[in-house]
Amino acid sequence: LNDVMRLVGQDLSEPYSIFTYRYFLHRWPQLCILAVPTDDKNAGENSEPQKRRPIGCVVCKIDPSDGSEYGAVEDAVPSDPNERNVQSSSDDGDINLQNDGNMSSDDNSKVCVGYIGMLAVEKTHRRSGIGTALAQRAIYRMQQMGCQSIRLETEVTNKGAISLYEDRLGFLREELLVKYYLNR
């Protein structure tokens, strides 16, 4: 819990309470994934291995779905073009992204929606594939648990996250959430 709080607290602008972390970690522990370095360059051959500190984490959850997010595209996108942000970003709000790829599960009777709540990687370890690997592992686990789609939000100013989710993981911008984050 402390490592997740440390990583998220230093990288994300949203001030989460300990209750938020506990909610995610206690209800979906299999969807809390830590990236921990495996090499210890400072240890000698005969020295005891040091406790390795996580350098990245992803925290997710799963919600049941009533199936409404699988309707026609027109139903999912506001009719007023000023209410959405599909092709461009704005500094006035935050974006909601969704991945509706061909997600299959072993139990098709259970329809769920996955949610990536937090993804953080220490600055010194960014741009090395850790965030991508964490997100891919979380997405895979959510798929195995029956998720038909996965959602998340990110600040429109977080270009690195937007690139990760859209370019590398195939998420699509769904809507603009005006004044969603507390720091705005």
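The values are calculated or read from the model by the stated rules, or taken from the named source; none is laboratory data. Computed from a prediction, not measured in an experiment: that's the story for all the values here. Glycine gets a Cβ as well: all are built from the backbone with ideal geometry, and neighbour counts include every protein chain shown. Side chains are part of the model used for accessible areas, which takes the heavy atoms of the whole protein and leaves out ligands, DNA and RNA. Shrake-Rupley method; radii C 1.70, N 1.55, O 1.52, S 1.80 Å.
Can you name the residue in the range 130-158 that is assigned to a helix (DSSP H, G or I) and more than 12 Å from the chain's Cα centre (by Cα) and is also nearest to residue 27 (Cα to Cα) among such residues?
Here is the first cut: in the range 130-158, the ones assigned to a helix (DSSP H, G or I) are 130-144.
From what is left, the residues that are more than 12 Å from the chain's Cα centre (by Cα) are 130, 140-141, 143-144.
On the way: 130: 24, 140: 18, 141: 15, 143: 17, 144: 17 Å.
The residue in question is 141.
Look at the range 148-158 and say how many of its residues are among the polar types (S, T, N, Q) and at pLDDT below 90.
Residues meeting the conditions: 3.
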Self-check item: Whichever residue in the range 159-175 is outside any helix (DSSP H, G or I) and not small (Gly, Ala, Ser) and, among such residues, is modelled with the lowest pLDDT
Solution: 175
Quiz item: Among all residue pairs at least 6 apart or on different chains, which show Cβ distances below 9 Å where the first residue, located in the range 2-15, is hydrophobic (A, V, I, L, M, F, W, C) and open to solvent by 40 Å² or more (accessible area, probe 1.4 Å) and the second is assigned to a helix (DSSP H, G or I) and at pLDDT 85 or above?
Solution: 5/18; 5/21
Quiz item: If you scan the range 14-31, which residues turn out to be at pLDDT below 90 and charged (D, E, K, R)?
Solution: 14
